[in-house]
Amino acid sequence: MSEASFNEEWQKRIKLIGDELKSESDRTAAIVGAAWVEDEITQSLKSYFDASDETWNQLFSSSQGGALSSFGAKIKLVHLLKMVDNQAKKDLVEISRIRNEFAHHISDRNSRTEKLTFSSDVVRKMCDKLTCNVPAGPMPPRTAFTVACAKLGADFHMLRVVGVKVADAGTVRADTRPQHPATQPASSSG
């Protein structure tokens, strides 16, 4: 895919997701925003590893019980690979926690008769922990969440545009050639 069509696709995707995040309920916005970031992480990892479909599916497919299929596992992996720093990892964890709060709780935990929203105390506190939008100053919780998702999603998208891959760093290969006796480790006989 050319860079121009890649960018055009990205702009269409941003508009689609942005429209959905603006027009939907808080619950939908939390789930869609986090899914967007998770998808960008997944696509960046796929590009980074340049993995075969079989190997990729074994590790990343939730339908195949892949060890790296959860959002949390992907966050740990991108941190381990140094694709994100410690602070970005913390923001990703908060986005995941916010998504989980909306996905697993029907009402506000403190008032079981009130609808869970971004203004609910538990969600607002999680949104307050998001730091990737600090330069923009204080903002309402839903806006802070949406901006964090947009920023991190765009950052992972840019990793794909840049095109760094694991293969660019070299490959470790097992040397199957017979070794000269002088280069073999001495055996200890005791």
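Give the residue list of GluC sites (Glu not before Pro) in region 23-117 that are DSSP loop and have at most 16 other beta-carbon atoms within 10 angstrom.
On the way: sites: E24, E38, E40, E54, E94, E101, E114; in loops: E24, E114.
Filter output for region 23-117: E24, E114.
Residue-wise, which Karplus ³J(HN,Hα) couplings in Hz belong to region 94-108, taking 6.51 cos²θ - 1.76 cosθ + 1.60, θ = phi - 60°, and x for glycine or proline?
Computed from phi, the couplings for region 94-108 are 5, 4, 5, 5, 5, 4, 5, 4, 6, 6, 10, 10, 7, 10, 4 Hz.
Apply 1/(1 + (r/R0)^6) to the Cβ-Cβ distance of K89 and V32, taking R0 = 25 Å, and write down the FRET efficiency to the nearest 0.05. Don't jump to the answer; show the numbers that get you there.
Values: r = 22 Å, r/R0 = 0.87.
The pair K89/V32 has a calculated efficiency of 0.70.
At 0.36 nm per residue, and after removing the present C-alpha to C-alpha distance, how many nm does the segment from S23 to H105 gain when stretched out fully? Walk me through the intermediate numbers first.
On the way: separation 82, 0.36 × 82 = 29.52 nm, distance 2.12 nm.
Full-extension gain reported as 27.4 nm.
Taking the Cα atoms of region 3-163 alone, what are Rg (to one decimal) and Dmax (as a whole number) in Å?
16.1, 50
Report the extension gain between L81 and K46 in nm, rounded to one decimal, defined as 0.36 nm multiplied by the number of residues separating them, less their alpha carbon distance. Provide the component values of the computation, followed by the final result.
Working: separation 35, 0.36 × 35 = 12.60 nm, distance 1.30 nm.
Between L81 and K46, full extension yields 11.3 nm more.
Between the DSSP loop rule and a limit of at most 10 other Cβ atoms within 10 Å, which trypsin sites (Lys or Arg not before Pro) in region 72-124 are left?
K82, R112
Order these by the 10 Å Cβ neighbour count, fewest first: F118, F145. Write down the numbers at each step before the final one.
Working: F118 21, F145 27.
The order, fewest Cβ neighbours first, is F118, F145.
I need the peptides 25-33, 65-73 ranked by packing, meaning the mean over residues of other C-beta atoms within 10 angstrom, with the highest value on top. Each step should come with its number before you reach the end.
Details: 25-33: 19.2, 65-73: 14.4.
So the order, starting with the most tightly packed, is 25-33, 65-73.
At R0 = 35 Å, how high is the FRET efficiency between S70 and T143 if r is their beta carbon distance? Nearest 0.05 is fine.
On the way: r = 27 Å, r/R0 = 0.77.
Approximately 0.85, to the nearest 0.05.
A short reminder: the numbers here are calculations on the coordinates, not readings from a lab. Only a predicted model underlies this, so the values are computations on that prediction, with no experimental measurement involved. Cβ coordinates were reconstructed from backbone atoms using ideal geometry, including for glycine residues, and neighbour counts include every protein chain displayed.
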